Amino acid sequence: MEKDTQIEIFNMFHDGTLIGILNKSGNIELKIEIPYLAEMINEKFNYFYCELVNCKGIMLETWSDEKEDTSDINTIIEYELEILDAQASKEGILVGCRSEKIIGGNLHINSQNIKIYDESKKEISLDDLTRTFHWYWNKL
């Protein structure tokens, strides 16, 4: 999957909060809470899963003066990162996040592909997510 497509996915999850990370033998599963978008699929849903396929790395570079970088999944989750935007980086993509606990930081992700799932773990195509995203924002 191209970097531009990965960036597009994370930009659609703008305002979503990272509430879970699971390392699954080479893949990393992110649980992203974003009720307003999840409810467009099922009114009882609050989040999505993003599976980072063949993920070579995930690392948080904090914006604090101490510049504490971490790849520790438990530490990253503790920060309750809210997704702001995404852009290309040298080795993958860079997801800008804010946090009440550390101001924020850049989440560096290097993944070959991203699969998207709804709360019931049903895979969602990029086209379906894009349609849902645009439908939500166009109805406002």
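The values are calculated or read from the model by the stated rules, or taken from the named source; none is laboratory data. Note that the structure is a prediction, hence the values are computed from the model and not measured. So basically every Cβ, Gly included, is an ideal-geometry build from the backbone, and we count neighbours across all protein chains shown. Note: accessible area is taken over every heavy atom of the protein model, side chains too, but ligands, DNA and RNA are not part of it. Shrake-Rupley method; radii C 1.70, N 1.55, O 1.52, S 1.80 Å.
Per-structure values
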{"item": "Criterion (outside any helix (DSSP H, G or I) and open to solvent by less than 60 Å² (accessible area, probe 1.4 Å)) met by exactly one of Ile41, Ile32", "result": "Ile32"}
{"item": "Search result, residues across the range 54-70 that are more than 19 Å from Gln6 (Cα to Cα) and open to solvent by 60 Å² or more (accessible area, probe 1.4 Å)", "result": "Trp63, Asp65, Glu66, Lys67, Glu68, Asp69"}
{"item": "Some residue of the range 99-107 being modelled with pLDDT of 95 or more and either loosely packed, with under 15 Cβ neighbours inside 10 Å or of a type in the set (Val, Ile, Thr) (or both)", "result": "no"}
{"item": "Conditions (1) assigned to a strand (DSSP E or B); (2) in contact (Cβ under 8 Å) with a residue 40 or more places away in the chain; (3) open to solvent by less than 30 Å² (accessible area, probe 1.4 Å); (4) not charged (D, E, K, R): number failed by Leu84", "result": "(3)"}
{"item": "Residues (acidic (Asp, Glu) and without any contact (Cβ under 8 Å) to a residue 60 or more places away in the chain) located in the range 1-45", "result": "Glu2, Glu29, Glu33, Glu39, Glu43"}
{"item": "Residue in the range 14-22 that is surrounded by 13 or more Cβ atoms within 10 Å (Cβ to Cβ), assigned to a strand (DSSP E or B) and in contact with a helix residue (DSSP H, G or I) (Cβ under 6 Å, 6 or more places away or on another chain) present", "result": "yes"}
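Quick grid of which residues meet (1) modelled with pLDDT of 90 or more; (2) open to solvent by less than 20 Å² (accessible area, probe 1.4 Å); (3) more than 19 Å from Gln6 (Cβ to Cβ):
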{"residue": "Asp72", "(1), (2), (3)": "yes, no, yes"}
{"residue": "Glu80", "(1), (2), (3)": "yes, no, yes"}
{"residue": "Cys97", "(1), (2), (3)": "yes, yes, no"}
{"residue": "Gln112", "(1), (2), (3)": "yes, no, no"}
{"residue": "Glu119", "(1), (2), (3)": "yes, no, yes"}
{"residue": "Lys122", "(1), (2), (3)": "yes, no, yes"}
{"residue": "Asp128", "(1), (2), (3)": "yes, no, no"}
{"residue": "Trp137", "(1), (2), (3)": "no, no, yes"}
